[in-house]
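*Asks:* Quick one: this structure, given as structure tokens, is what I'll be asking you about.
The values are calculated or read from the model by the stated rules, or taken from the named source; none is laboratory data. Given the structure is predicted, the values throughout are model-derived calculations rather than measurements. Neighbour counts run over all protein chains shown; Cβ positions are idealised from the backbone, glycine included. The protein model used for the area step is the full one, side chains on, heavy atoms only, and it has no ligands, DNA or RNA in it. Shrake-Rupley method; radii C 1.70, N 1.55, O 1.52, S 1.80 Å.
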Amino acid sequence: MKIIFVLLLAFLFANATLSTSSTFTTITSDGQLKAPVKELLKILGENPNLSPIEAEKILEEKYGRKGTEERFTLKEKGILKTKREQIKPIFAELGMIDAVYPSSNTFDYVIVLGATLESMRDRLRFLIKLIDNKKLTLTNKTKFYIASGDRELFSHEDPMSSALPFRSGWQPKGPTPKTEGEGAHWVIDQMIPSQKIRERFKVLTAPKRFDEKEKKWVRPHTGNNISILLREVGNNIDGKKFLFISSNPYVYYQLSVIGREFMDNGLSARSIEVAGEKSSPSTKIEMLIDNVRNTIKREMELYERKAAL
């Protein structure tokens, strides 16, 4: 299995710039589309020489989610039926398929990013694998969080069963979860064998947000979850290292969102990494294309913040 090491954002605010180690996967260091994205556009019958902003708009219009639509509701577009095999290798080039491992084994904060129950279980399993394989060393000062959101469970989410094995001896405790935040407590108990580690986890739950376009309250997104985390850890975190546990194909997208939130909160120098398990073979190609679109958008937001400094 191909291993992608080091997704590192070192925010050097003392020099009022982002470090040159900042990693983008869809855009270049001068804000242009990278070659694999251009190739994707070409295969889809679009102009490969579009700017990142133009490309994101085209992909959103033709392949992306609308409004607050969820990823799993995306439907197959006609052109993808004939171009599927031609497109697939591009996602690996963009770092959206293989597992991503941390570049070092010690961190002050380990944060599992909230998701569906099954995705959170998979992320916790990946975390335990990092620990068991000595890729992550815990200390008495390591702090653990799940950064979740206030969201009603989808109809396909089952708090009681999973394709992944639960820890030996697990038994349900208390009322059956109805939200992601409530479910996060259960998946910690289901997936982590060590009682000591289970007891060190704290679940943070971001509240719902009001969507101005749709005029309704909707689930929080990754950025909202990170804002809640930053309130929790406070400002006295100079020199602290953060490891976020996600899963592909979303690692690079979430890296940019997290970086943006840190910058927008005016925090000082910080080392941030995102690690995650490889993308599931069952991930729909429509979701992968939408993720390319979303990654372009979020990486451009981070790029523009860097340029403005």
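*Asks:* Kindly provide the set of residues from region 295-309 that are open to solvent by 10 Å² or more (accessible area, probe 1.4 Å) and either in contact with a helix residue (DSSP H, G or I) (Cβ under 7 Å, 6 or more places away or on another chain) or assigned to a helix (DSSP H, G or I) (or both), ordered by number.
*Replies:* K297, R298, M300, E301, Y303, E304, R305, K306, A307, A308
*Asks:* Continuing with the same structure: Taking region 231-247 only, how many residues are open to solvent by less than 60 Å² (accessible area, probe 1.4 Å) and at pLDDT below 90?
*Replies:* Filtering region 231-247 for residues open to solvent by less than 60 Å² (accessible area, probe 1.4 Å) gives 233-234, 237, 241-247.
Pick out the ones that are also at pLDDT below 90 and you get 234, 237.
So the answer is 2.
*Asks:* While we're on this one: Within region 165-201, take every residue that is closer than 17 Å to V112 by Cα and among the hydrophobic types (A, V, I, L, M, F, W, C) and give me the one that is farthest from the chain's Cα centre (by Cα).
*Replies:* The qualifying residue farthest from the chain's Cα centre (by Cα) is I197.
*Asks:* I'm told V257 meets every condition in (1) surrounded by 20 or more Cβ atoms within 10 Å (Cβ to Cβ); (2) in contact (Cβ under 8 Å) with a residue 60 or more places away in the chain; (3) within 11 Å of the chain's Cα centre (by Cα) except one. Can you identify the failing condition by its number?
*Replies:* Unmet for V257, out of (1) surrounded by 20 or more Cβ atoms within 10 Å (Cβ to Cβ); (2) in contact (Cβ under 8 Å) with a residue 60 or more places away in the chain; (3) within 11 Å of the chain's Cα centre (by Cα): (2).
*Asks:* Looking at this structure, is E277 under 26 Å from L40 (Cα atoms), of a type in the set (D, E, K, R), modelled with pLDDT under 90 and open to solvent by less than 30 Å² (accessible area, probe 1.4 Å)? It would help to see each step written out before you state the result.
*Replies:* Numbers: under 26 Å from L40 (Cα atoms): yes; of a type in the set (D, E, K, R): yes; modelled with pLDDT under 90: no; open to solvent by less than 30 Å² (accessible area, probe 1.4 Å): yes.
Considered against the rule, which asks whether it is under 26 Å from L40 (Cα atoms), of a type in the set (D, E, K, R), modelled with pLDDT under 90 and open to solvent by less than 30 Å² (accessible area, probe 1.4 Å), E277 comes out as no.
*Asks:* Now for a different question. Checking the structure you have, find out if any residue of region 221-230 is under 25 Å from I58 (Cβ atoms) and open to solvent by 10 Å² or more (accessible area, probe 1.4 Å). Give the steps one after another, and end with the answer.
*Replies:* To start, the set of residues in region 221-230 that are under 25 Å from I58 (Cβ atoms) comprises 221-223.
Filter once more, keeping what is open to solvent by 10 Å² or more (accessible area, probe 1.4 Å): 221-222.
Within region 221-230, one or more residues are under 25 Å from I58 (Cβ atoms) and open to solvent by 10 Å² or more (accessible area, probe 1.4 Å).
*Asks:* Mind checking which residues of region 81-113 are within 14 Å of S246 (Cα to Cα), touching a Pro at 6+ places or on another chain (Cβ under 9 Å) and open to solvent by 10 Å² or more (accessible area, probe 1.4 Å)?
*Replies:* Residue satisfying the conditions is I97 alone.
*Asks:* If I ask for residues that are farther than 16 Å from R298 by Cβ and assigned to a loop (DSSP other than H, G, I, E, B), which ones from region 31-50 would you list?
*Replies:* Q32, L44, G45, E46, N47, P48, N49, L50
*Asks:* For residues that are part of a loop (DSSP other than H, G, I, E, B) and touching a Lys or Arg at 6+ places or on another chain (Cβ under 6 Å), scanning just region 96-151, find the one that is farthest from H221 (Cα to Cα).
*Replies:* Applying the first criterion (part of a loop (DSSP other than H, G, I, E, B)) to region 96-151 yields 96-99, 102-108, 114-116, 133-142, 150-151.
After this cut, where a residue has to be touching a Lys or Arg at 6+ places or on another chain (Cβ under 6 Å) as well, the list is 98-99, 105, 107-108, 150-151.
Numbers: D98: 24, A99: 23, N105: 28, F107: 24, D108: 24, D150: 10, R151: 10 Å.
That would be N105.
A quick yes/no check of all residues on (1) open to solvent by less than 20 Å² (accessible area, probe 1.4 Å); (2) over 24 Å from the mean Cα position of the chain (by Cα):
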site: K34; (1), (2): no, no
site: L44; (1), (2): yes, yes
site: P48; (1), (2): no, yes
site: I58; (1), (2): no, no
site: E61; (1), (2): no, no
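*Asks:* Another question, if that's okay. Does region 155-201 hold any residues that are touching a strand residue (DSSP E or B) at 6+ places or on another chain (Cβ under 8 Å), exposed (fewer than 15 other Cβ atoms within 10 Å of the Cβ) and either over 23 Å from E70 (Cα atoms) or hydrophobic (A, V, I, L, M, F, W, C) (or both), and which are they?
*Replies:* None; the set is empty.
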